[in-house]
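Written below as structure tokens is the structure these notes are about.
The values are calculated or read from the model by the stated rules, or taken from the named source; none is laboratory data. This is a predicted model, so every value here is computed, not measured. Ideal geometry is used to build each Cβ from the backbone, glycine not excepted, and the neighbour counts take in all protein chains shown.
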């Protein structure tokens, strides 16, 4: 028996909007720790890891570890039917091939049930090693989203270079080149507007902008994004989900042949 | 030229 009640149902709506275009089908894993997902895109270039900790739910009942295969497009369709202020409850019985989403309006005057078919998905979890990153950039998520969008109108790839001067995002395309430098700036009034760079050594990596732009669909989940870079590892683009967990996107770099 | 690497080249199967 599984029953997860999320008062801030809009979080789950935003999570689905953030990942549904990157991953078609995925297993959601339910355990005492929380509600989680790990899935790769169909090209095996990017990986998304989601965790919503059990403490973040108003009610969290998960009698035994359960893996539920869902089509994320279909799940997003169902969650779109929930109001932004609705409380969302997920329910599944042991051995059932369906999951039920219950939406309650804040005033309890409208209660909806949506039942969705589960699917068998063959997926293996990848081991993500703990890593010391050469550079960690923390910046406003809206700024990062703007940069990815702007650069993708010029080129297909972005070179992210971190030095003690700042973080530089560069692209080139048929019409020309673009460079955007964000300097460390932690003197702003609001912490969510700060750009903070922690660096142990300079790093420069190239990534496909198509994926970066897809990751920025998570912007509504957090005002801050963290980019963790090392010269020999995929970049981690992390959006923290307030009081609940995170959504992390890993993107393999483009490398010299 | 540069080639797209695969995430599976970095993270092994559990």
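A few remarks follow.
- Hits in region A:167-193 - residues which are modelled with pLDDT of 95 or more, more than 14 Å from chain B (Cβ to nearest Cβ) and surrounded by 13 or more Cβ atoms within 10 Å (Cβ to Cβ): A:167, A:168, A:169, A:173, A:178, A:180, A:182
- Restricting region A:123-145 to residues that are more than 14 Å from chain B (Cβ to nearest Cβ) and assigned to a loop (DSSP other than H, G, I, E, B) leaves a set whose member that is nearest to residue A:69 (Cα to Cα) is A:132.
- If the condition is being part of a loop (DSSP other than H, G, I, E, B) and either touching a helix residue (DSSP H, G or I) at 6+ places or on another chain (Cβ under 8 Å) or at pLDDT 95 or above (or both), then region A:79-96 contributes A:80, A:81, A:82, A:83, A:84, A:85, A:86.
- The condition of being in a strand (DSSP E or B), farther than 28 Å from residue A:9 by Cβ and touching a strand residue (DSSP E or B) at 6+ places or on another chain (Cβ under 7 Å) holds for only one of A:226, A:171, that being A:171.
- Of all positions in region A:245-255, at least one carries a residue that is surrounded by fewer than 17 Cβ atoms within 10 Å (Cβ to Cβ), within 14 Å of chain B (Cβ to nearest Cβ), more than 20 Å from residue A:145 (Cα to Cα) and over 23 Å from the mean Cα position of the chain (by Cα).
- Any hit, region A:130-148, residues being modelled with pLDDT of 95 or more, over 23 Å from residue A:240 (Cα atoms) and out of contact with any helix residue (DSSP H, G or I) (no Cβ under 7 Å at 6 or more places or on another chain): no
- Options A:147, A:111, A:160, A:88; residue that is within 30 Å of residue A:59 (Cα to Cα) and within 21 Å of the chain's Cα centre (by Cα): A:88
- The criterion of at least 3 residues that are within 14 Å of another protein chain (Cβ to nearest Cβ) and at pLDDT 95 or above is met by the following strands (runs of 3 or more DSSP E) wholly inside region A:1-63: A:34-40, A:46-53.
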